[in-house]
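K.L.:
There's a structure below that I have some questions on.
The values are calculated or read from the model by the stated rules, or taken from the named source; none is laboratory data. Everything numeric here is computed off the predicted structure, so don't read it as measured data. Cβ atoms come from the backbone with ideal geometry, glycine included; neighbour counts cover every protein chain shown.
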Amino acid sequence: MLYNYDLATVWAFILAFAIFAYVVMDGFDLGIGILFPTLKVGEERDQAMNSIAPVWDGNETWLVLGGGGLMAAFPLAYSIILPATYPLVIGMLLGLIFRGVAFEFRWRDPRHRPYWDTAFFVGSVVATLSQGILLGAVLQGIKVEGRAYAGGWLDWLSPFSLLTGVALLAGYALLGSSWLIGKTHGSVQEHSRKMAFRLGIATLVVMAAVSVATPFLAIDYWHRWFEMPRVLFTAQVPLATIAVGAIFFWSLKRGRERLPFLITLVLFALGFLGLGISMFPYVVPRALTIWDAAAPEKSQIFMLVGTVFIMPLIIAYTAWAYWVFRGKTVTEGYH
Amino acid sequence: MGDEALFLARVQFAFTVSFHFIFPAFSIGLASFLMVLEGAWLRTGRGVYANLYRYWLKIFAVAFGMGVVSGIVMSYQFGTNWAVFSDKAGPVVGPLMAYEVLTAFFLEAGFLGVMLFGINKVGPKLHFFATCMVALGTFISATWIISTNSWMHTPQGFAINAQGQFVPAGSWLPIIFNPSFPYRLTHVVIAAYLTTSLVVGAVGGWHLLRDRTNPGARKMFSMAMWMVAIAAPAQILAGDAHGLNTLEHQPAKVMAMEGHYDSHPDGAPLILFGIPNPAKKRIDYAIELPKVSSLILKHDLNAPLAGLDTIRDDREPPVSVVFWSFRVMVGLGMAMLGLGLFSLFARFRRGLYDWPWLHRAAMVMGPAGFVAVIAGWITTEVGRQPYTVYGYLLTAQSHSPLHASAVATSLLMFVVVYFVVFGAGTYYLVRLMAKAPGPHESEPSSTPQRATGITPAPALSKE
């Protein structure tokens, strides 16, 4: 059985990687959607859109992997979390539809472009809020009886989950603005730099708020963070966050173009690490560990064999696609 | 929890999957068509191929985007509405779908950006490679998802564990290559090619009616009609083989398709038309050919065929739906065969570009592929009822513990959003198709282009 335990852990890390890849990659796409109304109609918006048009589809595929992977590796968790957060998942999907089609539709129909730009913005905000609230809902706990969700259909709603929703909104917008600093020039870049400064502050504030609120959700979280000698390790996370935040503002001030985005990635990685400390080895906190929810060994091994070979390939050609579209985005040509 | 929630969850799945399936059915074939066009351009250097490539690429971009977003819905629908199914069948179907994501979705998405926007950045050969990868991705995707779906129809290679989950019994090969998989895959892939060629043919026909000298319209029409002429008869053969496979593994489905309420010990009739009467368990006003059904299904006029009277009432699929959807599919299939033959005749008589009635016929048949694909899908999926995993897990025991009002609300939202968004998308597609293919087709819009030169000098100099 020990063997299976390790397998479940391996899958927990693979899925965590997929979710992290999704969060940062679609994060900057969605962030640009969130910032869209602050960009000027015309040149500014077109530049922002073009900077993500060739990659957004690949970015979103990580979400499909997150969903499909969860069903495959931890089917019980998949079948409990999704009904528990039903309206959020539906909201996220509908939001993603609106923002996904806007990429093509806005060019196809200049007369109705303002509508599709609005769809892009609203869809991005709704999808982000849904994801953020979903995160909070999982952290605060889900009522499970037997092998099924046993709560009502609004259990996810709480001040804490709303806070995590807002936190993700700020975080994605920060990713979007720092991405734009690297990919654009002129007025968009200037604007993005200004936004990135404000959003950097906002993100650090909400990260702090979520961090402070989490230990009060359940005593378990308190132990995980503040018990000796764990605290010697866990305390490094907030300390590092403060340091990274300082580097972020420094890089903005120095007018660096690509560093702010990379630093934002580190910031997200730290946030993610914090979540890991709060959750591992639970997949539904205090109700379901990864071993409770794990698919049988045969299913996990079968997928692991493929993942080990295919994942590096995916990363390689995704990197190549990013490389092809490297550098600044310019708007010209067709439109 | 009640029957209402179950019914609404079923409607929601049927609605979202039907809508979704329209786009892949088109983009699988279109990706291959684009691959052929670009390949032909690279080989011959003829501008007409490059122009057609760019013309259809713009259409592909819109259709593919809609396929992506409606597909994401599907990957979460299993968990939101069918939690029990996900928990129980997840260990078997989950990995198959995960492989679809890993081997297909990433491949398509990774190379799509280069395919749409990258021709000026990577050069023609590498660009052709990207096009091939996208086409390959659509095909791999179809393979995995049809394998998954086929396993739900003809499950094998599994055991049931203490938690009531389906788990792989030994090797994965019998699960992946389950009995109905090769037949269903062939049938679906040909259907996708037919659907695309009918759309391309309709667009070509429309433009030939306006200007029969347009080289782009002539080329696409000719290519599409070749495809219809070849694929339509192939599809009928594939469909027949698939039907025989279904008879072997899911006889109740075939009984419903045929409308055989009663057993026929010495040769069953082929019911061409009629109105199923579920209350009385008979087909009213049936027009039938005696013994022909036995001939088709058993290749013997007098072979006995069992009817639904041999199936428990609560294990029967809904006959009316399956009976009708099957006839719609077959009728359209025959019409496609007719169009293919008509085009061959016209080609032989050198009238392919000059016979307006052929062009009109091609236009009328333009949407036929979509209708046939959906009708076929309904036939096989409704024919699987009342099970999700055929013979082992009832649909009524597969759904999430949700309140009917929650499912109703989300269903309503899906309906509204799909009609608005995909309605608009379809309008844009039709508008793109209505434009005649010109001699200088532009790149797809929103092409991110840098100023000329390979290195992004301004970007690098500042870092």
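K.L.:
Would you mention how many residues in segment B:254-285 are touching a Ser or Thr at 6+ places or on another chain (Cβ under 7 Å) and loosely packed, with under 14 Cβ neighbours inside 10 Å?
P.N.:
The total comes to 1.
K.L.:
Across segment B:112-131, what is the number of residues that are away from chain A (no Cβ under 13 Å) and of a type outside the set (F, W, Y)?
P.N.:
Qualifying residue count, segment B:112-131: 3.
K.L.:
Residues to consider are B:S293, B:S343; find the one that is surrounded by 16 or more Cβ atoms within 10 Å (Cβ to Cβ), without any contact (Cβ under 8 Å) to a residue 60 or more places away in the chain and polar (S, T, N, Q). Working first, answer last.
P.N.:
Numbers: B:S343 fails: without any contact (Cβ under 8 Å) to a residue 60 or more places away in the chain.
Selected residue: B:S293, the only one of B:S293, B:S343 that is surrounded by 16 or more Cβ atoms within 10 Å (Cβ to Cβ), without any contact (Cβ under 8 Å) to a residue 60 or more places away in the chain and polar (S, T, N, Q).
K.L.:
With respect to B:T103, is the statement that it is at the interface with another protein chain (Cβ under 9 Å from one of its Cβ atoms), in a helix (DSSP H, G or I) and surrounded by fewer than 22 Cβ atoms within 10 Å (Cβ to Cβ) true?
P.N.:
So B:T103 fits the description; yes.
K.L.:
Residues B:E4, B:E38: which one is buried (at least 20 other Cβ atoms within 10 Å of the Cβ) and among the acidic types (D, E)? Full working, then the answer.
P.N.:
Values: B:E4 fails: buried (at least 20 other Cβ atoms within 10 Å of the Cβ).
Unique residue meeting the criteria: B:E38.
K.L.:
Shifting gears a bit: Restrict the check to segment A:98-118 and report whether at least one residue is aromatic (F, W, Y), buried (at least 20 other Cβ atoms within 10 Å of the Cβ), at pLDDT 90 or above and within 30 Å of A:A77 (Cβ to Cβ).
P.N.:
Filtering segment A:98-118 for residues aromatic (F, W, Y) gives A:98, A:103, A:105, A:107, A:115-116.
In the following step, the residues that additionally are buried (at least 20 other Cβ atoms within 10 Å of the Cβ) were identified as A:98, A:103, A:105, A:107, A:116.
From what is left, the residues that are at pLDDT 90 or above are A:98, A:116.
Narrowing further to those that are within 30 Å of A:A77 (Cβ to Cβ): A:98.
Yes, segment A:98-118 has at least one match.
K.L.:
Let me ask something else. Mind counting the residues in segment B:142-175 that are among the small types (G, A, S) and crowded, with 22+ Cβ neighbours inside 10 Å?
P.N.:
2
K.L.:
Would you pick out the residues in segment A:190-204 that are in contact (Cβ under 8 Å) with a residue 12 or more places away in the chain and surrounded by fewer than 24 Cβ atoms within 10 Å (Cβ to Cβ)?
P.N.:
Correct list: A:H191, A:R193, A:M195, A:F197, A:G200, A:A202, A:L204.
K.L.:
While we're looking at this one, here's another question. Could you list, in sequence order, all residues of segment B:78-92 that are under 11 Å from A:V89 (Cβ atoms) and surrounded by fewer than 24 Cβ atoms within 10 Å (Cβ to Cβ)?
P.N.:
None; the set is empty.
K.L.:
Take A:L129 and decide whether it is more than 10 Å from every other protein chain (Cβ to nearest Cβ), under 21 Å from the mean Cα position of the chain (by Cα), farther than 30 Å from A:Q300 by Cβ and at pLDDT 90 or above.
P.N.:
It is true that A:L129 is more than 10 Å from every other protein chain (Cβ to nearest Cβ), under 21 Å from the mean Cα position of the chain (by Cα), farther than 30 Å from A:Q300 by Cβ and at pLDDT 90 or above.
K.L.:
If I ask for residues that are closer than 27 Å to A:Q140 by Cα, of a type in the set (D, E, K, R) and surrounded by fewer than 16 Cβ atoms within 10 Å (Cβ to Cβ), which ones from segment A:209-256 would you list?
P.N.:
A:D220, A:E227, A:R230
K.L.:
Just one of B:L57, B:L96, B:L37 is assigned to a helix (DSSP H, G or I) and away from chain A (no Cβ under 13 Å); which is it?
P.N.:
After applying the criteria, what remains is B:L37.
K.L.:
What number of residues in segment B:123-139 are surrounded by fewer than 19 Cβ atoms within 10 Å (Cβ to Cβ) and either farther than 18 Å from B:G45 by Cβ or without any contact (Cβ under 8 Å) to a residue 60 or more places away in the chain (or both)?
P.N.:
Selection size over segment B:123-139: 6.
K.L.:
While we're looking at this one, here's another question. Restricting attention to segment B:116-126, which residues are part of a helix (DSSP H, G or I) and under 13 Å from A:W320 (Cβ atoms)?
P.N.:
Answer for segment B:116-126, where residues must be part of a helix (DSSP H, G or I) and under 13 Å from A:W320 (Cβ atoms): B:K121, B:V122, B:L126.
K.L.:
Does segment A:150-172 include one or more residues that are touching a strand residue (DSSP E or B) at 6+ places or on another chain (Cβ under 7 Å) and surrounded by fewer than 17 Cβ atoms within 10 Å (Cβ to Cβ)?
P.N.:
Yes.
K.L.:
All but one of (1) within 19 Å of the chain's Cα centre (by Cα); (2) within 7 Å of chain B (Cβ to nearest Cβ); (3) farther than 30 Å from A:G327 by Cα hold for A:P75, so report the exception by its number.
P.N.:
(1)
Residues checked against (1) without any contact (Cβ under 8 Å) to a residue 40 or more places away in the chain; (2) under 30 Å from B:Q163 (Cα atoms):
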| residue | (1), (2) |
| --- | --- |
| A:E43 | no, no |
| A:N50 | no, no |
| A:P83 | no, yes |
| A:G91 | yes, no |
| A:V122 | yes, no |
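K.L.:
For segment B:354-463, list the helices (runs of 4 or more DSSP H) that sit wholly inside it and hold at least 1 residues that are at pLDDT below 90; which are they?
P.N.:
B:404-434, B:457-462
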